[in-house]
């Protein structure tokens, strides 16, 4: 991709210092770029040290809702980047021991932080699934509600794992009675 290409809102870039980002605003001489780990930084339009991952053509007048849709689309593509969720202090350095009920079979030990990471990844993927259902233009409202109910039940089934989380705001929450 030609580095002199004028980038539009929603263009994806990879900066050598700031990593993955997306153009969120255009100025006369610079772009405002939202980087996943470093927040919003201003980068000159003549900057040529980054990789343009996906260029979206620049438009003269872009509405806020169009920008919001572009940003949501880009964030969905970065969906494997998960938020930092902390394991409860009492579990730090712990392990999960699985003992089979049948004699002669070997048990298994798993570092609890590895198991916790898998639980958090599952929660993040359920959230992305939820977002994709809500933004799907081909599903009716009734179909969306039905699929949402299944996701809510999945969250409910996972509430047993809340004991692993440090912060209550990270807990799984099923349907409330």
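For this structure, a couple of remarks:
- Selected residue [at pLDDT 85 or above, in contact with a strand residue (DSSP E or B) (Cβ under 8 Å, 6 or more places away or on another chain) and outside any helix (DSSP H, G or I)] from 103, 109: 109
- Residue in region 126-141 that is more than 29 Å from residue 36 (Cα to Cα), surrounded by 11 or more Cβ atoms within 10 Å (Cβ to Cβ) and either assigned by TED's automatic domain parsing to the domain that holds residue 37 or touching a helix residue (DSSP H, G or I) at 6+ places or on another chain (Cβ under 9 Å) (or both) present: yes
- Which numbered condition residue 96 fails, given (1) at pLDDT 90 or above; (2) within 25 Å of the chain's Cα centre (by Cα); (3) surrounded by 14 or more Cβ atoms within 10 Å (Cβ to Cβ): (2)
- Only a single criterion out of (1) under 19 Å from residue 88 (Cβ atoms); (2) without any contact (Cβ under 8 Å) to a residue 40 or more places away in the chain; (3) out of contact with any strand residue (DSSP E or B) (no Cβ under 7 Å at 6 or more places or on another chain) is not satisfied by residue 137, namely (1).
The values are calculated or read from the model by the stated rules, or taken from the named source; none is laboratory data. Keep in mind that this is a model prediction, so the values were computed, not measured. Cβ coordinates were reconstructed from backbone atoms using ideal geometry, including for glycine residues, and neighbour counts include every protein chain displayed.
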